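The values are calculated or read from the model by the stated rules, or taken from the named source; none is laboratory data. The model shown is predicted, which means the values in this text are computed figures rather than measured ones. Glycine gets a Cβ as well: all are built from the backbone with ideal geometry, and neighbour counts include every protein chain shown.
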Amino acid sequence: MGFLTQVWAKAAAATDPVPTAVVVPDEKPVQDTKPDAGQPKSERQEWGYDLYPERRGETFKPKWSRILFGMEGQENIDRYKCEQNVYWCVKNGPLVKLMMGALRSSGCPIDLRRHISCEVCDPSVTGGYDPVLNQIVVCQNMAKNKSMVHGVLTHEMIHMFDYCNNDLDFRNVDHLACTEIRAANLAHCSFLSAMTQGDASPFNIKEAHQNCVKSKALASVLAVRNITHEEAVAAVERVFPKCYADLEPIGRRIRRNSTDQQKAFMEAPMYGYDVY
């Protein structure tokens, strides 16, 4: 029995079924059109825009009760700070610079004004990739420091890279599981993060990273796809061996508190990728 199957079996026996979630946008890029144009409200929610209100063409309206406690009401300031953090990451973040160079080398260069947007999002997400507009969303209300923005940009640029190079189809759950595995593998998981989410112990160090990647990929698939928990587990397990082994374009799994990010950036030209 695989790791995810074991986790799912234990959860199914102990808790109620996990509520199904919404579906992310899953069409090819369409320029200069609103993603919700001509679509009924229920369909817009199914496509995932309920996590990103501004994707629906709505203007965020803070609530007075939250303004009084300082939780809302500074959206313009938050957006300015978010854009500053994005610019800093583009200029100084090794993995962001590597990903931007790899995208440019692949024929998909990033224009900051066109392809990255700071917006107010649902508190359950820190960022997202909208393939309808080929645009990365950085959640200004959740990703509030350079480190978080760097992680969001790297993660979402991996999705953008897959969309550019590998003909990623978000309607195909196997494709979605694969790109989420790659993003977790290259941008997030370390032994410390695996310990934090309960996927590692001193007795299973060898499997800790793989378990962390599976858990994060499974959570991401369930967050953006309206399928059952069992179907999501099956999709992740089905594509895991191939997608876990695919390290492009970063070329290595990044260890926390190491020089791996700088090494990956310096090695990028050796594999045909431009660097900024």
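Which of the residues that make up region 83-95 are under 17 Å from CYS139 (Cα atoms) and in contact (Cβ under 8 Å) with a residue 40 or more places away in the chain? Correct list: ASN85, VAL86, TRP88, CYS89, VAL90. A single entry from GLY101, GLY127, GLY93 fulfils the requirement of being under 15 Å from the mean Cα position of the chain (by Cα), at pLDDT 90 or above and closer than 24 Å to CYS189 by Cα: GLY127. Scan region 237-272 for residues that are at pLDDT 90 or above, in a loop (DSSP other than H, G, I, E, B) and more than 25 Å from ALA219 (Cβ to Cβ) and jot them down. GLY251, the sole residue that qualifies.
Hey, any hits in region 164-173 for a residue that's buried (at least 21 other Cβ atoms within 10 Å of the Cβ) and at pLDDT 95 or above? No, there is no match, as no residue in region 164-173 is buried (at least 21 other Cβ atoms within 10 Å of the Cβ) and at pLDDT 95 or above.
Being at pLDDT below 90, touching a Gly at 6+ places or on another chain (Cβ under 9 Å) and on the phi < 0 side of the Ramachandran plot is the requirement here; does VAL224 meet it? Walk me through it before giving the result.
Values: at pLDDT below 90: yes; touching a Gly at 6+ places or on another chain (Cβ under 9 Å): yes; on the phi < 0 side of the Ramachandran plot: yes.
Criteria met by VAL224.
Restrict the check to region 148-162 and report whether at least one residue is of a type in the set (Ser, Thr, Tyr), touching a Lys or Arg at 6+ places or on another chain (Cβ under 9 Å), crowded, with 18+ Cβ neighbours inside 10 Å and not in a strand (DSSP E or B). Reasoning before the result, please.
So in region 148-162, the residues of a type in the set (Ser, Thr, Tyr) come out as 154.
Applying the additional criterion that residues be touching a Lys or Arg at 6+ places or on another chain (Cβ under 9 Å) yields none.
Within region 148-162 (the criterion being of a type in the set (Ser, Thr, Tyr), touching a Lys or Arg at 6+ places or on another chain (Cβ under 9 Å), crowded, with 18+ Cβ neighbours inside 10 Å and not in a strand (DSSP E or B)), the answer is no, since none of the residues qualifies.
Screening CYS212 on (1) crowded, with 17+ Cβ neighbours inside 10 Å; (2) within 27 Å of CYS118 (Cβ to Cβ); (3) at pLDDT 85 or above shows it passes everything except condition (2).
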